[in-house]
1. Output the residues belonging to the range 334-377 that are touching a strand residue (DSSP E or B) at 6+ places or on another chain (Cβ under 9 Å) and among the β-branched types (Val, Ile, Thr).
2. For Ser289, indicate whether it is at pLDDT below 95 and outside any helix (DSSP H, G or I).
3. Anything in the range 329-378 that is surrounded by 20 or more Cβ atoms within 10 Å (Cβ to Cβ), of a type in the set (Gly, Ala, Ser) and in a loop (DSSP other than H, G, I, E, B)? List them, or say none.
4. Among the numbered conditions (1) among the hydrophobic types (A, V, I, L, M, F, W, C); (2) in contact with a Leu (Cβ under 8 Å, 6 or more places away or on another chain); (3) touching a residue at least 60 places away in the same chain (Cβ under 8 Å), tell me where Trp290 comes up short.
5. Filter the range 179-231 for residues that are of a type in the set (D, E, K, R) and under 37 Å from the mean Cα position of the chain (by Cα) and give the result.
6. Mind checking which residues of the range 58-81 are hydrophobic (A, V, I, L, M, F, W, C), under 14 Å from His101 (Cβ atoms) and either free of Cβ contacts under 8 Å to residues at least 60 places away in the same chain or away from ligand 2 (no atom under 16 Å from the Cβ) (or both)?
7. Quick one: in the range 103-120, which of the residues that are in contact with a helix residue (DSSP H, G or I) (Cβ under 7 Å, 6 or more places away or on another chain) and either of a type in the set (Lys, Arg) or within 16 Å of ligand 2 (Cβ to nearest atom) (or both) is nearest to Gln27 (Cα to Cα)?
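The values are calculated or read from the model by the stated rules, or taken from the named source; none is laboratory data. Please read these numbers as outputs of a predicted model, since none were measured by experiment. Positions of Cβ are generated from backbone atoms using ideal geometry, with glycine treated the same way; all protein chains shown enter the neighbour counts.
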Amino acid sequence: MKETLAKIVLRLEEIRKEIHQNPELSQHEFNTAKRIKTYLKTYSVGTVSTVANSGVLVTFDSGAAGQSILLRADIDALPIKEINDFKHKSKTSGVSHKCGHDGHAAIMLGVAELLSKYPLKKGKVVLLFQPAEEIGIGAESVLNDPHFQKLQFDFVFALHNIPGIEKNKIIIKENIFNANVKSMIIKLQGKTAHAAEPEKGQNPAMAIADILHYIEKETNNNPQQEDFFLITPVHINLGEIAYGISAGAGELHLTLRSWDLGLFEKKCSNLEKFIKRTCEKYTLGFQISWTQVFYANKNNPAAIDFIRLAAKTNKFEIHEMSHSFKWGEDFGLFTQKFKGAMFGLGAGENTPALHNPDYDFPDEIISTGVQQFFQIIQEINKN
Ligand SMILES: [Zn+2]
Ligand SMILES: [Zn+2]
């Protein structure tokens, strides 16, 4: 097994770099999907199909009764300009794999190869190469695909590489793995006036200032606390660059996150009420819309046990997280529907953070990811 794995990993490093060089944004992963399918046709015996337009499914069915397991890898890149200068740097200007989904895809291809070399004796395994994770709609589009809706799973699993933690450690967090996240777009409509006579119009500037003060007061950016609630302003726009005009319209974009869904919805609705009151105070029209909704991943205890058992069999070190991750991950939709869990894979203490322009997925952790997923299947099938 060891020798086979070493050979497979060399190939996986190559395909990982190829995907890295040819990144595609969320919902546009068509060539990435093509590469994945070509690889699967050459090195795997699973049944390959398309899901959610630019996603790929590969199914391994033993034909014997048993558990049905889904393993998921995400495959999309980000609108970030890569500043690395290595041979496999991104060939697409302004787009790059800064979340390591190239590595997640390579790991899943490795699992497909192992499942082809060491066939299942019972049950069924489906590997999902999921599009559009970064914009929070990939999981939903897979779950809404009629072809996928026919499938039922006893367990679902996904991993994410985690920079800042030693390479090859298996990172476990019981219960909530990562935050509920959604983004809010606030459009404020006032009335322009001469800059010398702002009192004859309605300038939304002070309303924006009040909203920002409210955000500062409401935010608790301490992930150790249960009432963690973080609001981050991501974009503000007000008026035009014209010095004779008092602004007549403004826009504020925020991202909000917290652990508990009940608390999250209450705080979001309080913010909406505050905006309404503020706009009344300044006689402004307003429009609120929500986008990019991610639900927290709720890790199932039985699924966590299988992750622990697999790490133990593989002799991988476990890193217990004391608090959940602050980012959103659309795998939360899968763990709402099926029993499952997400775990982390240490990507190195000195590896740049996710979404940093100099980040690159470390190839040294591919083998650990492949073995960990493969062993989770074995542990479940021991029962
Ligand atoms: Zn990301
Ligand atoms: Zn990611």
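1. Residues satisfying the conditions are Thr335, Thr351, Ile365, Thr368, Ile376, Ile377.
2. no
3. Hit for the range 329-378 is Ala347, nothing else.
4. (2)
5. If the condition is that a residue be of a type in the set (D, E, K, R) and under 37 Å from the mean Cα position of the chain (by Cα), then Lys182, Lys187, Asp210, Glu216, Lys217, Glu218, Glu226, Asp227 are the ones that fit.
6. Once the filter is applied, which keeps residues that are hydrophobic (A, V, I, L, M, F, W, C), under 14 Å from His101 (Cβ atoms) and either free of Cβ contacts under 8 Å to residues at least 60 places away in the same chain or away from ligand 2 (no atom under 16 Å from the Cβ) (or both), the range 58-81 yields Ile75, Ala77.
7. Going through the qualifying residues, I end up with Ala105.
To keep it simple, each residue is scored yes or no on (1) within 16 Å of ligand 1 (Cβ to nearest atom); (2) buried (at least 21 other Cβ atoms within 10 Å of the Cβ).
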residue: Leu115; (1), (2): no, yes
residue: Lys122; (1), (2): no, no
residue: Val142; (1), (2): no, yes
residue: Ser183; (1), (2): yes, no
residue: Gly190; (1), (2): no, yes
residue: Ala196; (1), (2): no, no
residue: Glu199; (1), (2): no, no
